[in-house]
Each structure stands twice: as C-alpha cells, then as structure tokens.
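To start, the structure under review is shown below, and the notes come after it.
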Amino acid sequence: MRAVWMESRGEAQVLRYGEIAPPQVEAGQVRVAVKAVALNHLDVWVRKGVASPQLPLPHILGCDIAGVVEAVGAGVQGCRPGDAVVLNPGVSCGQCERCLNGQDNLCPQYQILGEHRWGGYAELVTVPSANLLPKPANVGWAEAASLPLTFLTAWQMVVDKLQVRPGEDVLVMAAGSGVSVAAIQIAKQYGARVIATASSDEKLAKARALGADETVNYTRQDWFKEVRMLTGGKGADAVVDHTGAQYWEGVIKATAWGGRISLVGASSGYEATTPLSHIFYRQLSIFGSTMASKSRLFPILKWVSQGKLEPIVGATLPLVQAAEGHRLLEERRVFGKVVLEV
C-alpha cells in the first residue's frame, strides 16, 4: 500500500512516501480504506520525539481518520465492507475498571492512533471494531476526518472538566486550532458567552463567524487585561487552553476568582512559570485533560448530523505532501484543520 512513514525523528523532511506492506486483519479488528486523515500537533510532537520518544520505527502517523470498511476480522459484528466510517482515535483494553466505568482514556493500556500504533497516513489502517462509528452523511471525507480527536478533546474540556453553564464567560485560547474551533462551538451550544484569542485579525474574524462573541489578539502585551475588561473586570469563568508556557501567566490572570482552567497541551513550551498566589488566593481550579471517553463521540456525531457542530477544514493536500502539511501546521498558517486526502 502507499503510505507516508518516518524512519527517524526530526523536521518534516523525515517523512517518506512510498510502498509499505499493508496491515493484517486480526480477530475483532476492522481494516479501513482511508479516504482522508487530518493532521494534529500530536503528529508533529511524535515526529520530533517530544511525544512517545521510545516509539519503534518505522512509524505511520495520523490520528484523525475517515474512510470505508475494506475487511473485517473474525467475530466482528455491526459493520461490513463498504460502510462509511469515522475512526475513534483512542484504543483501550475494554476490560479494566477504567474502561468499564466509561473512563477508557484513563486505561493503563490506552493508546492513540498515529502515536502509539500505526495511524492513517496510508491507504489502509487496522483498528478494533469498537473504534468505528458511522460517518455523518451531511459532511464530506475531509470534514469527517477533522472531527474525532479535536472534538473529543474539546468535549471533555468544555463539558466534562469545566462543566460550562449557560451565561458563563468562556475564554478559548488560540481560536484557529482544531481543538479551539471545536471548543468555541461546543461552549456556545451550552449557552456560554465565548471570548476567543488568536494571533491575527483574519483568524479573529473567522472565530467571530464561528460563533465567538468577543475576540482578543493575544500577541499584544497585557492581552489578558482586555479579557478582564470584556468581562467587566471579573475575568473568564472557564478557560480552554493549550498554548503553553508563553501565555500561561496571562491565562491565569485572565481567569475569574473561583474560575476553572482546562489544559490540554503546551504548544509554546512545557516549562511555564505559575504565580502560585493567584492559584490559592483566587481559588482557581486547573484540570489536566487528554482525549475523552469513546462514548463522547456519539453525541458529537449526532450534533454534527443535526448541523449544530461544524468541522472546519483550512487546507487539503494529497498524501504525498504530508511534509508540507506539517509545515502549515507548525507555522500556524491555517484556521481549522489541515487534511491529507488519500
């Protein structure tokens, strides 16, 4: 099969395109012919060795996948060749206490497609049958591939961790990212007033078109003061953040007394300064977050089918141009998802 893989870690040029042996289909598994795979910053971190540095090579990246069932293994029920599907990127054992309690993303054996096991930068990918859901008929392949990881991540942050309520002020950092595009929409569905940040007027305009009520350019010094001004001096009740060390102190200062912050990444660096007096004196709550339970993809896809949530594709490229896709992602030139069409 044709695929893009990495045989070493480094910059985008380590990605190779060519022929590689296709994955075998084992009992309980399904092999999917990939139609589209969306890029994530996780792909970049794995490529550079920041995430999963001991990962065996060669390796195929790609977490967010949509395609058509090509073959099913023994014992598989509920799907058949020809079905159009979206793949849930989280793989767990399905038997431990965490899995059976609906917390499969806390399973000790938890893996993510494209990080811990081969992903979707290829014509074929094999996954457990539990990781398949029907593709919403009202979206195309590129849009469908833009859904799973980012919308699952945003759902857990907004709904499960922050428990956003109607009328709250919700700050969404880096509005052009896939997670933030999803978070803006989900927070609006829960009745929040959304304040979105971005690095350019173009991205801020797109955030407003997506539903953000207010926008702030976070490249300005003291940008967090604008957030406080927009909230009458109070600050944001809840914050969705993945921007990392460069903006962390500003995020804390932009949060209201008794406010909540959900942190899902650190794009600008992991080593951040935390003014502890703000945490204990203003009684802030900080929630770490990674992915979400598989079950959360059901309401997400339902809302997509109903037109309540919309995946945003910023750029599409053929699979062979995966390295260019990585550059677009790293340079933050795109609002929404970068998608490879296979």
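So the values come out like this:
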read-out: Among (1) over 24 Å from PRO318 (Cβ atoms); (2) under 21 Å from the mean Cα position of the chain (by Cα), the one test that VAL76 misses; value: (2)
read-out: Close pairs (6 angstrom Cβ cut-off, 6 or more residues apart or separate chains): over 16 Å from PRO58 (Cβ atoms) in segment 101-121, basic (Lys, Arg) and outside any loop (DSSP other than H, G, I, E, B) anywhere; value: ASP104/LYS294; LEU106/ARG98; CYS107/ARG98; GLN111/ARG117
read-out: Selected residue (criterion: surrounded by the fewest Cβ atoms within 10 Å (Cβ to Cβ)) from residues of segment 18-38 that are touching a Leu at 6+ places or on another chain (Cβ under 8 Å) and farther than 24 Å from GLU143 by Cβ; value: PRO22
read-out: Entirely in segment 243-309, the helices (runs of 4 or more DSSP H) that have 3 or more residues that are open to solvent by 50 Å² or more (accessible area, probe 1.4 Å) and farther than 26 Å from GLU331 by Cβ; value: 276-281, 297-305
read-out: Tabulated pairs, segment 5-34, first under 14 Å from VAL72 (Cα atoms), second modelled with pLDDT of 95 or more and among the aromatic types (Phe, Trp, Tyr), C-beta under 8 angstrom, 6+ apart or interchain; value: PRO23/TRP118
read-out: ASP83 out of contact with any Leu (no Cβ under 7 Å at 6 or more places or on another chain) and closer than 18 Å to PRO134 by Cβ; value: yes
read-out: Some residue of segment 63-72 being among the small types (Gly, Ala, Ser) and part of a loop (DSSP other than H, G, I, E, B); value: no
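Yes or no, residue by residue, for (1) in contact with a Gly (Cβ under 6 Å, 6 or more places away or on another chain); (2) closer than 17 Å to ASP64 by Cβ; (3) modelled with pLDDT of 95 or more:
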site: ALA3; (1), (2), (3): no, yes, yes
site: MET6; (1), (2), (3): no, no, yes
site: VAL14; (1), (2), (3): no, no, yes
site: GLU19; (1), (2), (3): no, no, yes
site: GLN24; (1), (2), (3): no, no, no
site: ARG31; (1), (2), (3): no, no, yes
site: ALA36; (1), (2), (3): no, yes, yes
site: LEU42; (1), (2), (3): no, yes, no
site: ARG47; (1), (2), (3): no, yes, yes
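The values are calculated or read from the model by the stated rules, or taken from the named source; none is laboratory data. Just so it is clear, the structure is predicted and the values come from calculations on it, not from any experiment. Positions of Cβ are backbone-derived with ideal geometry, glycine not excepted, and every protein chain shown enters the neighbour counts. Note: areas computed on protein heavy atoms with side chains; ligands, DNA, RNA excluded. Shrake-Rupley method; radii C 1.70, N 1.55, O 1.52, S 1.80 Å.
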